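Working notes, structure below.
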Amino acid sequence: MMDRNKEKLLPEVVAAADIAPPPGSSCRSLSRRLLQQLLRVPLACNGFALGLTGLCNVLLNLNAALSSSPPPVKYSFIVAAILALFVAYVNQILYLAKISVFPCKVLREEASTPQQISAQVSHLTIPLLTSTTYSLLTSTHMMNLDIGILGLRIAQGTVAVWCTLQLVVMATFLLRSYREGFYPEPAWFPPTVSLGTFAMAGAALKFPAALIATSVWSAVIMMVFTLPIALFRCYYRSKEVAINGSIGILQAPGSFVCICWLVSWSSLSSYSERQQLLLGPLFVGHALFAVAMLGMLSTLWCVFMRRVRLKDLWFNSSFAGFTFPSASSANATLLYVKFYGFDTFIVGKVCASVLAVLVVILISLINIMWLGKLLHCCSGNLSMMTRVPSAQSMDTDTSSSSSSSKEKKLLVSSSVPQQNSGVNIGINTSPDM
């Protein structure tokens, strides 16, 4: 009787043994799926991390402008700035993890065109994240003297390495643009005008005055050669050039270079008079601020010209192009008003503060939309990864994969986007992200 029961149970046991995975295979499968999900981290995380870094600086400058506000208001600005900086680190670390694990694949697939190279803004984000973090820690007295000196050396090394990498990115971008006939438009500004990153980040980290001045004037030269052509093409080719969220980058060069000059001049105030003259007379600041305001007004007009297209695209990741440039316009206004003493006039102070508040609302809205889509995507993928497939679902997937392979090939082939130099700026513009 017992032998008969064993014989009856034996086929079930054997079948269960065939279905059950070998020990440790579930962990390997989960880690493999996690790596696959890491590969799906979008390129736009770079741009949103940069925009959040700019938002952090807007909040800190707004806090300094409203120095007479009560302590609860001042603390709320600092807490909001720390929160923005934290989310910026999350975005940037995600993409750095992706490019560290899959360097060849990422460089082959996400740095193959000038538009994609333009969206690789880690060389701009990481130095600004580093200098902003150091300035925030020192201004709030969160570091003692010994840790502060060590942190300064680490920050200086980080900025030097990534600003050197920026030269490589710019050279690669210019070479690809020349070969592919990609003419100046807003997507040109991140890899070229960002030569001023060393000045903006290095001013807070006590770099030599000659290097800071060289960085500022290099950015000015790049802006002079690229901004007029980009403005002309955005005006007169509004249906071909920058027809997505990348149009927001049009305001970036003027405001970015203005910030670089103002921050650098302020940092050189403790230097000798001869070193201060490396940045030119004070009139240069007025001229750069005028260019910044021209860029902001031109961006508003170009956005109005593309309002139907932008409304249809809301919301996708190309709107990262509005984050850091808008923050730069607000920061340039706040720093300009403070630098030239216009904050003593109620009109100047109110105008700068109102612009900063509007920019904070805009960047916060865009990042909330972005984080919602990113979390929705990740939560769905994680639920799929942690679900244990049943034997029935495995059989169903196996039987349906062969019948639907032709349909998938047809869908993939029909969904390949057409190449257009004015549409794709290297940021994912698909409706789902």
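We did not get these values from a lab; they are worked out from the coordinates using the rules stated. Keep in mind the model is a prediction, meaning the values are calculated, not measured. As a convention, Cβ positions derive from the backbone with ideal geometry for all residues, glycine included, and neighbour counts pool all protein chains shown.
³J(HN,Hα) across the stretch 129-137 via Karplus (A = 6.51, B = -1.76, C = 1.60, θ = phi - 60°), whole Hz, x for Gly/Pro?
Working through the residues one at a time gives 4, 5, 5, 5, 5, 5, 5, 5, 5 Hz.
Could you calculate the contour length gain from Arg153 to Ala97, that is, 0.36 nm times the residue separation minus the distance between their Cα atoms, to one decimal place in nm?
Length gained between Arg153 and Ala97: 17.8 nm.
Each residue of the stretch 113-127 in turn: what ³J(HN,Hα) in whole Hz from Karplus with 6.51, -1.76, 1.60 and θ = phi - 60°, glycine and Pro shown as x?
After applying 6.51 cos²θ - 1.76 cosθ + 1.60, I find 10, x, 5, 6, 4, 4, 7, 7, 9, 4, 5, 9, 5, 5, x Hz.
Would you please give the FRET efficiency between Ala287 and Arg32, computed as 1/(1 + (r/R0)^6) with r the Cβ-Cβ distance and R0 = 45 Å, to the nearest 0.05?
0.20
Can you give the FRET efficiency to the nearest 0.05 for Val90 and Lys239, using r as the Cβ-Cβ distance and R₀ = 30 Å?
0.25
Given a Förster radius of 30 Å and the C-beta distance between Ile82 and Leu165 as r, what FRET efficiency does 1/(1 + (r/R0)^6) yield to the nearest 0.05? Could you put the intermediate results ahead of the total?
Details: r = 27 Å, r/R0 = 0.90.
Given R0 = 30 Å and the Cβ-Cβ separation, E is 0.65.
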